[in-house]
Amino acid sequence: MVEAARKYNRIVQAGTQHRSCPAVQEAARDIQSGKYGKVQWVHCSVLHARATIGKVTEPQPVPASVDYNLWAGPAPMGPVMRKSFHYDWHWQWSWGDGEMANWGIHYLDDVRHLLGWTDVPTKVVAAGNRFAWDDNGETPNVHFALMDYDGLPLVVDIRNLVDPKRRGGNAGALYRGFNVGNHIQFEEGYIHLSRGGGGAYDKDGKRIYQYKGDGGAGHAQNFINALRSGRREDLAAEIEVGHLGTTICHQANVAWRAGKEASVDQVRESMRSHEDAVDTLYAILKQLDGNDVSLLKKPFVLGPALTYDRKTERFVGDSADAANTYLRCSHREPFVIRDAV
């Protein structure tokens with residue numbers, strides 16, 4: 001898509017609307033100016049409480065209003081093995097990329113925006129599984145990863161389970177009192193931002209500044225303004241920005257899909273280089289216990305430690321062959337994405 005946008009000189013915007021949110025824009029300026037000091041690490045969390053999608057044992061009919069061939073596009077036109085045709089495709093690998101690329105993309109793109117990253121992490125290890133539910137979903141409902149961007153640790157923490165013992169009812173988990181958003185850690189405090197705004201906090205957790213936003217309400221107008229100016233530089237989320245943000249989601253998914261069953265000790269060992277990653281594992285264990293998950297019956301899936309080459313956009317080194325098998329999805333005719341534009 002980036003190559004096509006360049007070749008045909010087109011204005012192409014990604015739908016990561018937080019790029020147009022005043023709160024994220026202001027916080028990005030403050031962080032990159034050094035207002036709060038040096039960034040130590042980042043924790044990106046999406047801790048929603050979803051329900052199981054249910055289980056069917058026979059293919060379900062495609063709604064009469066749907067052109068299944070057109071709907072599937074390059075993806076397989078396989079049997080529909082889910083109760084709900086719409087939306088729940090997110091949790092099946094042929095059509096979706098799980099919560100990591102559903103909600104995760106918005107906050108992972110925020111990380112790149114806030115810190116001024118020009119590329120993507122080069123190190124990643126991931127663990128998780130689809131716990132507690134026996135359904136037609138395939139993607140993990142607990143998925144966390146430890147990434148490295150030029151020496152800066154990033155913990156990605158995606159969970160869809162309730163947390164009944166600590167929060168009760170149907171509420172999901174929390175990280176520092178919030179269920180979603182980014183926590184940018186500095187020596188003397190941190191910033192938390194989620195959709196619509198956030199704040200800067202001292203090391204005692206007291207808010208010292210409020211960032212006010214609108215969740216990116218002006219994103220469509222930003223696109224229209226760029227169409228009028230004819231300048232892709234005017235886009236808040238130009239297509240290459242969307243590509244790089246999405247790449248982080250794919251890195252985390254590939255790192256999990258290339259994995260195998262592992263013990264808690266093995267998962268802990270894989271994350272031991274960063275305290276927040278280990279703490280995240282302990283929080284997950286408590287949440288799984290609250291959902292009566294037996295890790296003997298349903299253990300973690302732990303991926304290998306992977307290295308990503310930014311120039312070739314492929315994994316290299318140990319376990320690269322296993323990881324790179326997931327870089328290319330189905331290209332069903334006639335919806336084929338050619339190697340050259």
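Values in this text are rule-based calculations from the coordinates and carry no lab data. Since this is a predicted model, take the numbers as computed values, not measurements. Glycine also receives a Cβ, built like all others from the backbone with ideal geometry; neighbour counts cover every protein chain displayed.
Going through the stretch 36-70 one residue at a time, which ones are assigned to a strand (DSSP E or B) and either among the hydroxyl-bearing types (Ser, Thr, Tyr) or touching a Gly at 6+ places or on another chain (Cβ under 8 Å) (or both)? The answer is Cys44, Ser45, Val46, Leu47. Residue count for the stretch 71-92, restricted to those that are in contact (Cβ under 8 Å) with a residue 60 or more places away in the chain and assigned to a loop (DSSP other than H, G, I, E, B): 5.
Can you say whether Phe178 is in contact with a Ser or Thr (Cβ under 8 Å, 6 or more places away or on another chain), more than 29 Å from Ser319 (Cα to Cα) and surrounded by fewer than 19 Cβ atoms within 10 Å (Cβ to Cβ), as far as the supplied structure shows?
Answer is yes for this residue.
For the stretch 192-207, the set of residues classified as surrounded by 11 or more Cβ atoms within 10 Å (Cβ to Cβ) and without any contact (Cβ under 8 Å) to a residue 24 or more places away in the chain consists of His192, Gly199, Tyr201, Asp202, Lys203, Arg207, listed by residue number.
So which strands (runs of 3 or more DSSP E) are wholly in the stretch 216-334 and hold at least 1 residues that are out of contact with any Gly (no Cβ under 9 Å at 6 or more places or on another chain)?
Numbers: elements: 260-262, 300-302, 306-309, 314-316.
Passing ranges, in order: 260-262, 306-309, 314-316.
Where residues in the stretch 57-85 are touching a helix residue (DSSP H, G or I) at 6+ places or on another chain (Cβ under 8 Å) and among the hydrophobic types (A, V, I, L, M, F, W, C), which of them is nearest to Tyr326 (Cα to Cα)?
From the stretch 57-85, those touching a helix residue (DSSP H, G or I) at 6+ places or on another chain (Cβ under 8 Å) are 62, 77, 82; that's our starting set.
Of the ones still in play, those that are also among the hydrophobic types (A, V, I, L, M, F, W, C) are 62, 77.
On the way: Val62: 27, Met77: 19 Å.
Looking at residues that are touching a helix residue (DSSP H, G or I) at 6+ places or on another chain (Cβ under 8 Å) and among the hydrophobic types (A, V, I, L, M, F, W, C), I get Met77.
How many of the residues making up the stretch 125-157 are touching a residue at least 40 places away in the same chain (Cβ under 8 Å) and over 13 Å from the mean Cα position of the chain (by Cα)? Let's see the steps before the verdict.
Within the stretch 125-157, the subset touching a residue at least 40 places away in the same chain (Cβ under 8 Å) is 125-129, 131-147, 152-157.
Cutting the leftovers down to over 13 Å from the mean Cα position of the chain (by Cα) gives us 125, 127-129, 131-138, 152-153.
Residues flagged as touching a residue at least 40 places away in the same chain (Cβ under 8 Å) and over 13 Å from the mean Cα position of the chain (by Cα) within the stretch 125-157 amount to 14.
You will find that of Val254, Val316, Val293, Val264, the residue that is touching a strand residue (DSSP E or B) at 6+ places or on another chain (Cβ under 6 Å) and β-branched (Val, Ile, Thr) is Val316 and no other. Counting only strands (runs of 3 or more DSSP E) that sit wholly inside the stretch 113-204, those with at least 2 residues that are in contact with a Gly (Cβ under 8 Å, 6 or more places away or on another chain) and hydrophobic (A, V, I, L, M, F, W, C) are 123-129, 142-149, 152-159, 189-194.
Residues in the stretch 62-85: is at least one out of contact with any Phe, Trp or Tyr (no Cβ under 7 Å at 6 or more places or on another chain) and within 19 Å of Ile184 (Cα to Cα)? No, that holds for no residue.
Check Trp103, Trp91 and return the single one that is surrounded by 13 or more Cβ atoms within 10 Å (Cβ to Cβ) and farther than 16 Å from Ser194 by Cα. I'd like the intermediate steps shown before the answer.
Numbers: Trp103 fails: farther than 16 Å from Ser194 by Cα.
Going through Trp103, Trp91 in turn, just one is surrounded by 13 or more Cβ atoms within 10 Å (Cβ to Cβ) and farther than 16 Å from Ser194 by Cα: Trp91.
Taking the stretch 274-331 as the range and being touching a residue at least 24 places away in the same chain (Cβ under 8 Å) and of a type in the set (D, E, K, R) as the test, the residues that pass are Asp276, Lys286, Asp289, Asp292, Lys298, Asp309, Arg310, Glu313. When the residues of the stretch 213-260 are filtered to those that are acidic (Asp, Glu) and within 20 Å of Glu3 (Cβ to Cβ), the one that is surrounded by the fewest Cβ atoms within 10 Å (Cβ to Cβ) is Glu233. So, in the stretch 107-137, exactly how many residues are buried (at least 18 other Cβ atoms within 10 Å of the Cβ) and more than 27 Å from Lys311 (Cβ to Cβ)? Number of matching residues: 10.
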